[in-house]
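Encoded as structure tokens, the structure appears first; notes follow it.
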Amino acid sequence: MTAHSFALPVIIFTTFWGLVGIAGPWFVPKGPNRGVIITMLVATAVCCYLFWLIAILAQLNPLFGPQLKNETIWYVRFLWE
Amino acid sequence: MGSMFRSEEVALVQLFLPTAAAYTCVSRLGELGLVEFRDLNASVSAFQRRFVVDVRRCEELEKTFTFLQEEVRRAGLVLPPPKGRLPAPPPRDLLRIQEETERLAQELRDVRGNQQALRAQLHQLQLHAAVLRQGHEPQGEPATWMTFLISYWGEQIGQKIRKITDCFHCHVFPFLQQEEARLGALQQLQQQSQELQEVLGETERFLSQVLGRVLQLLPPGQVQVHKMKAVYLALNQCSVSTTHKCLIAEAWCSVRDLPALQEALRDSSMEEGVSAVAHRIPCRDMPPTLIRTNRFTASFQGIVDAYGVGRYQEVNPAPYTIITFPFLFAVMFGDVGHGLLMFLFALAMVLAENRPAVKAAQNEIWQTFFRGRYLLLLMGLFSIYTGFIYNECFSRATSIFPSGWSVAAMANQSGWSDAFLAQHTMLTLDPNVTGVFLGPYPFGIDPIWSLAANHLSFLNSFKMKMSVILGVVHMAFGVVLGVFNHVHFGQRHRLLLETLPELTFLLGLFGYLVFLVIYKWLCVWAARAASAPSILIHFINMFLFSHSPSNRLLYPRQEVVQATLVVLALAMVPILLLGTPLHLLHRHRRRLRRRPADRQEENKAGLLDLPDASVNGWSSDEEKAGGLDDEEEAELVPSEVLMHQAIHTIEFCLGCVSNTASYLRLWALSLAHAQLSEVLWAMVMRIGLGLGREVGVAAVVLVPIFAAFAVMTVAILLVMEGLSAFLHALRLHWVEFQNKFYSGTGYKLSPFTFAATDD
């Protein structure tokens, strides 16, 4: 229904998780748990970014489309668009 | 890095405890919980140790305590928990505690005996009175007894009747013929029973007094005697040195705690006017592992330790598990609604964690959930995230952004008139048609797929590929963590001879598979979808060195690249198999050749002359964790090394294949969860929502339907699926991730502490 760009989400999410995983560790206050918190930040950033990236890449060039019931087609066509 | 990266440094210390101060010192050490004593008298039986008499006395005292506790329980009272800090009492106090306890126990026994005797008497009197009363008027007593009136003449019959009644355990009372006599007897009985009841009342008052004293004495007494016994058991583990008039103990202590240890010894022995010392001694045994955790990291360290406590100073998987475990759980559990419920439940537990009512709960299942509250918190949080990516909230998709698929464009361009639609029940959107596919959904799976009949075809492909990618990344990370172990233990040859071949094998084959997946996602378009290359067939042909003409190449020269990678990977196998053993053998032979010249110098140095028990080893930095030293080199057996390496190679190579496939459980469980969730919605809520056109009917019916939906969501989807996903995520960590670098063959430092009794 709406044209979605690919570049914009990539830039936004890369920047966001990059801030969390690369810039975040610099701001962790010194203390006994510094190492653990940095590990957590980096691991979260890597896992979440990777997961999102896989989801968007899988839908980038779809080889087949959704198979819809005629009622759904009618509904979506006239009520969503 | 934080202290969780690997175990802290733990040293063996030798403690010299002068006999006068030994008890106080050990008691103080127990309060601090710093050291783990080693048993120096392992060959001596428990009955022959030095302090066995004291231990025996403590145990007898504990038996008396148990008796008192039982009495308290029988009286229906509850022991109050001990208040305040109660250090182990000095040995001379033991006698006093013993006397008091014995006295109380004796009194209690006497009073109980009296009370029971009095009660029996009272019961007899009441029975007699009841029997007599039966003759006059029926009483309102519940008649479980049958009363017989037996009249007889003659002694012999009387004796026989007595025997019969004794046989049947009957109570026999004389029954006087005249009514006044009976009334008189009744009155007398009533008087007697009244007096008896008064005496009984007094006795019971005295009993409650005694119990009150027991309640005061027992809780602190139990704690103190328990600690005393623990101290004596620890002292029994020390060896006695008569020449120096002191006890020698060996204990494991964290290096960071050594100053505190020395200070504690100094303080407690200063009171007696002697001085106890501790100094570090070298040791050849593997020290215990100590990893300090706080209440947040404790549960994650717990699930790693449940598989196996790490070897001393090997890399600890726990800090990474803090995030990867909830993440892999969430991949299998992904649903915003369910994740939110789990998160809120865990949040409630975390916010209430300091309340005494919560901490004192005894229910084991609740305790299990409570101890894992931070685990659940993170699991719920990640599940919300993966739920948004899977676009599932209680199995319903949300359209945060508008969908990237345009039905109108397809309909307009394919001439889907209303008549056409009426004839065809299922129609497919074709991405080749312009304007139908407008771009990938920016965050997660497009909501149009939740309306599609073939959504599983798309989701399966997506989730399978996702599982393989996550699996290869996780395993490669595991292999890389092994690098830290090799460097720390001074086995740099393993970097070149094991880590590098392992990484090449893993990434060359399965990393290449990931590359194929991503390449296909990026570079194969819908225009030639019918002839799209199949990654599976390419991968199979790669290993078989064969070629399927109908399968289009993904990129030019693909077959050359693939052949190179397979040959490279296969070449890594002999390196893995023979590299390390050959290197070790070579090094061993080199040392053997040098040895005769060095042997003279070693004997002169006499560094093996330490007189104390069980300590005779080298200590140097390279010794720190099990690198081969001269003693062990002499025992290097080539066949053992080769066998070990062969097992490792086979395990790794076959493991690469099977472990990668094992990660497909991420797909399987997330599919199961999604399907269960959808079925629950379709069968329960949708029926409820679709009932009745009148507003009133639907509203009333929805209440029980929603109740059923909620109960089944919690029971099936949260509890059952949650446990299932938890278990599989745990398995992935324990087996697929940790077998790349973790041995888990260590033991924990369990310090001598009274902490278990204090709380």
Top-ranked residue of segment B:162-213 - restricted to ones that are small (Gly, Ala, Ser) and in contact (Cβ under 8 Å) with a residue 24 or more places away in the chain, ranked as surrounded by the most Cβ atoms within 10 Å (Cβ to Cβ):
B:SER193
Inside segment B:732-757, the number of residues satisfying the requirement of being open to solvent by 40 Å² or more (accessible area, probe 1.4 Å) and either of a type in the set (A, V, I, L, M, F, W, C) or without any contact (Cβ under 8 Å) to a residue 24 or more places away in the chain (or both) is 4
Within segment B:79-90, identify whether any single residue is of a type in the set (A, V, I, L, M), surrounded by fewer than 19 Cβ atoms within 10 Å (Cβ to Cβ) and closer than 19 Å to B:PRO220 by Cβ, and answer yes or no.
yes
Can you pull out the residues in segment B:470-487 that are surrounded by fewer than 21 Cβ atoms within 10 Å (Cβ to Cβ), within 11 Å of chain A (Cβ to nearest Cβ) and aliphatic (A, V, I, L, M)?
B:VAL473
Looking across segment B:529-547 at residues that are free of Cβ contacts under 8 Å to residues at least 12 places away in the same chain and closer than 30 Å to B:LEU429 by Cβ, the single one that is farthest from the chain's Cα centre (by Cα) is B:ALA530
Of the listed residues (B:SER406, B:SER417, B:SER467), the one being of a type in the set (Ser, Thr, Tyr), farther than 16 Å from A:ALA58 by Cβ and buried (at least 17 other Cβ atoms within 10 Å of the Cβ) is B:SER406
Being closer than 30 Å to B:LEU427 by Cβ and either at pLDDT 90 or above or charged (D, E, K, R) (or both), is that true of even one residue in segment A:8-28?
yes
Going residue by residue through segment B:494-507, is there one that turns out to be under 30 Å from B:SER7 (Cα atoms) and not in a helix (DSSP H, G or I)?
no
Selection status of B:GLY490, touching a strand residue (DSSP E or B) at 6+ places or on another chain (Cβ under 9 Å) and either assigned to a helix (DSSP H, G or I) or open to solvent by 30 Å² or more (accessible area, probe 1.4 Å) (or both)
no
Quick check on this structure: which one of B:PRO288, B:PRO282 is farther than 13 Å from B:ARG6 by Cα and at pLDDT below 95?
B:PRO282
Scanning segment B:575-591 for residues that are under 16 Å from B:LEU509 (Cβ atoms) and either modelled with pLDDT under 90 or open to solvent by 40 Å² or more (accessible area, probe 1.4 Å) (or both) gives B:ILE575
Working carefully through the options A:VAL46, A:VAL20, find the one that is assigned to a helix (DSSP H, G or I) and facing chain B (nearest Cβ under 10 Å).
A:VAL46
Of all residues in segment A:22-62, how many are within 26 Å of B:PRO440 (Cβ to Cβ) and either more than 21 Å from the chain's Cα centre (by Cα) or surrounded by fewer than 16 Cβ atoms within 10 Å (Cβ to Cβ) (or both)?
2
Is there a residue being buried (at least 24 other Cβ atoms within 10 Å of the Cβ), within 14 Å of another protein chain (Cβ to nearest Cβ) and modelled with pLDDT under 95 anywhere in segment B:322-331?
no
Does segment B:428-456 hold any residues that are more than 46 Å from the chain's Cα centre (by Cα), of a type outside the set (Asp, Glu) and within 7 Å of another protein chain (Cβ to nearest Cβ), and which are they?
B:THR428, B:LEU429, B:PRO431, B:VAL436, B:PHE437, B:LEU438, B:GLY439
Being under 12 Å from B:PRO442 (Cβ atoms) and of a type in the set (Val, Ile, Thr) is the filter; apply it to segment B:381-403 and report the residue that is least open to solvent (accessible area, probe 1.4 Å).
B:ILE389
Checklist (1) under 39 Å from the mean Cα position of the chain (by Cα); (2) part of a loop (DSSP other than H, G, I, E, B); (3) facing chain A (nearest Cβ under 7 Å) applied to B:THR398, failing item:
(3)
The one condition in (1) exposed (fewer than 15 other Cβ atoms within 10 Å of the Cβ); (2) among the small types (Gly, Ala, Ser); (3) at pLDDT below 90 that B:ALA646 fails to fulfil
(3)
Which of the residues spanning segment A:1-15 are more than 7 Å from chain B (Cβ to nearest Cβ), loosely packed, with under 13 Cβ neighbours inside 10 Å and not hydroxyl-bearing (Ser, Thr, Tyr)?
A:ALA7, A:LEU8, A:ILE11, A:ILE12
Lone unmet requirement of (1) surrounded by 14 or more Cβ atoms within 10 Å (Cβ to Cβ); (2) at the interface with another protein chain (Cβ under 7 Å from one of its Cβ atoms); (3) at negative phi for B:LEU459
(2)
Selection within segment B:1-37 - more than 28 Å from the chain's Cα centre (by Cα) and not in a strand (DSSP E or B)
B:THR19, B:ALA20, B:ALA21, B:ALA22, B:TYR23, B:THR24, B:CYS25, B:VAL26, B:SER27, B:ARG28
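The values are calculated or read from the model by the stated rules, or taken from the named source; none is laboratory data. Quick caveat: nothing in here was measured; it's all calculated off a predicted structure. Here Cβ is always computed from backbone atoms with ideal geometry, including for glycine, and neighbour counts include all displayed protein chains. Keep in mind that these areas ignore ligands, DNA and RNA; they rest on the heavy atoms of the full protein, side chains included. Shrake-Rupley method; radii C 1.70, N 1.55, O 1.52, S 1.80 Å.
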